[in-house]
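A.B. asks: Before we start, here is the structure in question, set down as structure tokens.
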Amino acid sequence: MVARIFKPAKTAMQSGMGRTKTWVLEFEPEAPREIDPLMGWTGSRDMRSQLRLTFDTKEEAIAYARRKGLAFRVIEPKVRRRMHKSYSDNFRADRAQPWTH
């Protein structure tokens, strides 16, 4: 079983960077999820899929995985590009497309 160590990205439902500062260790699924024919619920027989450990640093997560003898892979976070936008740019005289209602 392989563990993934990564830094979670922000969700589309949040504008801030909350819950993205920690590193997470979770296991990759061993078996596909199954759909219960009666209720339609999705389930799995893999108990490790419920385990999710958080660490303050990447080094702590790697040290934990090595100490427990876990195979792991580290997924580095992508660099976030900031787009600087200004509301007043919508009304500039040299705008590429004219602003209309």
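The values are calculated or read from the model by the stated rules, or taken from the named source; none is laboratory data. Fair warning: this is a prediction, and the values are worked out from it, not measured in the lab. Reconstructed Cβ throughout: ideal geometry from the backbone, glycine too, with neighbour counts over all protein chains shown.
A.B. asks: Is there any pair with a first residue in the range 21-35 that is among the basic types (K, R) and a second that is assigned to a strand (DSSP E or B) whose Cβ atoms are under 7 Å apart and which are 6 or more apart or on different chains, and what are they?
C.D. replies: From the range 21-35, the pairs are R33/T42; R33/G43.
A.B. asks: Among the residues of the range 2-20, what is the count of those that are free of Cβ contacts under 8 Å to residues at least 24 places away in the same chain, over 11 Å from the mean Cα position of the chain (by Cα) and closer than 28 Å to I62 by Cβ?
C.D. replies: Total satisfying the criteria: 4.
A.B. asks: State whether the residues of the range 20-41 include one that is at positive phi, modelled with pLDDT of 95 or more, of a type outside the set (A, V, I, L, M, F, W, C) and surrounded by fewer than 13 Cβ atoms within 10 Å (Cβ to Cβ).
C.D. replies: No, because not a single residue in the range 20-41 is at positive phi, modelled with pLDDT of 95 or more, of a type outside the set (A, V, I, L, M, F, W, C) and surrounded by fewer than 13 Cβ atoms within 10 Å (Cβ to Cβ).
A.B. asks: Of all residues in the range 1-41, which are of a type in the set (V, I, T) and touching an Asp or Glu at 6+ places or on another chain (Cβ under 7 Å)?
C.D. replies: Selection gives V2, T22.
A.B. asks: Restricting the range 24-40 to residues that are in contact with a Phe, Trp or Tyr (Cβ under 9 Å, 6 or more places away or on another chain) and of a type outside the set (D, E), which is farthest from F72 (Cα to Cα)?
C.D. replies: I35
A.B. asks: Next question. Among the strands (runs of 3 or more DSSP E) confined wholly to the range 5-101, which include 3 or more residues that are touching a helix residue (DSSP H, G or I) at 6+ places or on another chain (Cβ under 6 Å)?
C.D. replies: Result: 23-27.
A.B. asks: I've got another one for you. Considering T57, T20, which residue is in contact with a strand residue (DSSP E or B) (Cβ under 8 Å, 6 or more places away or on another chain) and among the polar types (S, T, N, Q)?
C.D. replies: After ruling out the rest, the residue left standing is T57.
A.B. asks: Here's something else I'd like to know. Residue under question is R73, and the condition is that it be loosely packed, with under 10 Cβ neighbours inside 10 Å, out of contact with any Ser or Thr (no Cβ under 9 Å at 6 or more places or on another chain) and either of a type in the set (S, T, N, Q) or on the phi < 0 side of the Ramachandran plot (or both); does it hold?
C.D. replies: No.
A.B. asks: Additional query: Residues that are surrounded by 12 or more Cβ atoms within 10 Å (Cβ to Cβ) and not β-branched (V, I, T): does the range 78-101 have at least one?
C.D. replies: Checked the range 78-101: no residue is surrounded by 12 or more Cβ atoms within 10 Å (Cβ to Cβ) and not β-branched (V, I, T).
A.B. asks: Considering only the range 44-94, state which residues are more than 18 Å from the chain's Cα centre (by Cα) and among the polar types (S, T, N, Q).
C.D. replies: S44, S86, S88, N90
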